[in-house]
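Values quoted throughout were computed directly from the atomic coordinates according to the rules given, and no laboratory measurement underlies them. The shown structure was predicted, so the numbers you read here are calculated from the model rather than taken from an experiment. Here the Cβ is made from the backbone with ideal geometry for all residues, glycine too, and neighbour counts use every protein chain on show.
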Amino acid sequence: MFLYFNSFMTAERNGIDVLICDEAHRIRETSVNRFTRSSQRQGARAQLEELIAAARVPVFLLDEHQVVKPGELGNVEIITAYAKKLNLEVDLVSLHDQFRCGGSEAYEQWVLNLLGLGGGQPTVWEGDGRFELRIAETPQEMEAFLSPATADLSPTETSSKTRTSAAARQSPTRKPTGSSGTPTKS
């Protein structure tokens, strides 16, 4: 069953054995939104409280470097502090591999450095033999590259390949220079 985080406002306490919250960095302060009935708005709890209360074992998968919209507050520190406030045991497991980038640790570190999140300075991508980085100046150029590369893949494999490749594209308004740490066209 796949639901949104705000689907647990009225969930029964411990009504689910295991609740896996993927993209938990997207957790918001409350589940209230413009579609929430006024009867549910009164006494709305913190969204994190709703999720923790809904399951015997809540699991939060998150990337601390991702924030999509203002008001998202899911991070390890907040989730851990909230659970400890409720006297709940917390097991923290770090997942190191990013499979959407072909498992390339070098590429992942390069992206973190490029964004100022990895502690290192941005550099030109040198490659590692596991991940190919190309820059497409237009969506048509990207499609021309991806079409032959994905022709023999199943629909699931195709969408995975597209996400991987799309993550490496550059804004068409910014030209690669190579000297500023941005990738150069191959």
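Things worth noting here:
- Ascending count of other beta-carbon atoms within 10 Å, so fewest first, for Ser104, Ser147: Ser147, Ser104
- Net charge dipole size for the range 1-85 [Lys, Arg +1 and Asp, Glu -1 on Cβ; Debye, nearest 20]: 420 debye
- Backbone amide hydrogens, once placed in the peptide plane, bring Val59 within less than 5 Å of Leu19, Ile20, Cys21, excluding anything fewer than 5 places away on its chain.
- In Hz, Karplus ³J(HN,Hα) per residue of the range 134-151 (6.51, -1.76, 1.60; θ = phi - 60°; x = Gly, Pro): 10, 10, 9, 6, 9, x, 5, 5, 5, 5, 4, 6, 6, 3, x, 6, 10, 4
- Going from the residue with the fewest nearby Cβ atoms within 10 Å to the one with the most, Arg34, Arg13, Arg28 rank Arg34, Arg13, Arg28.
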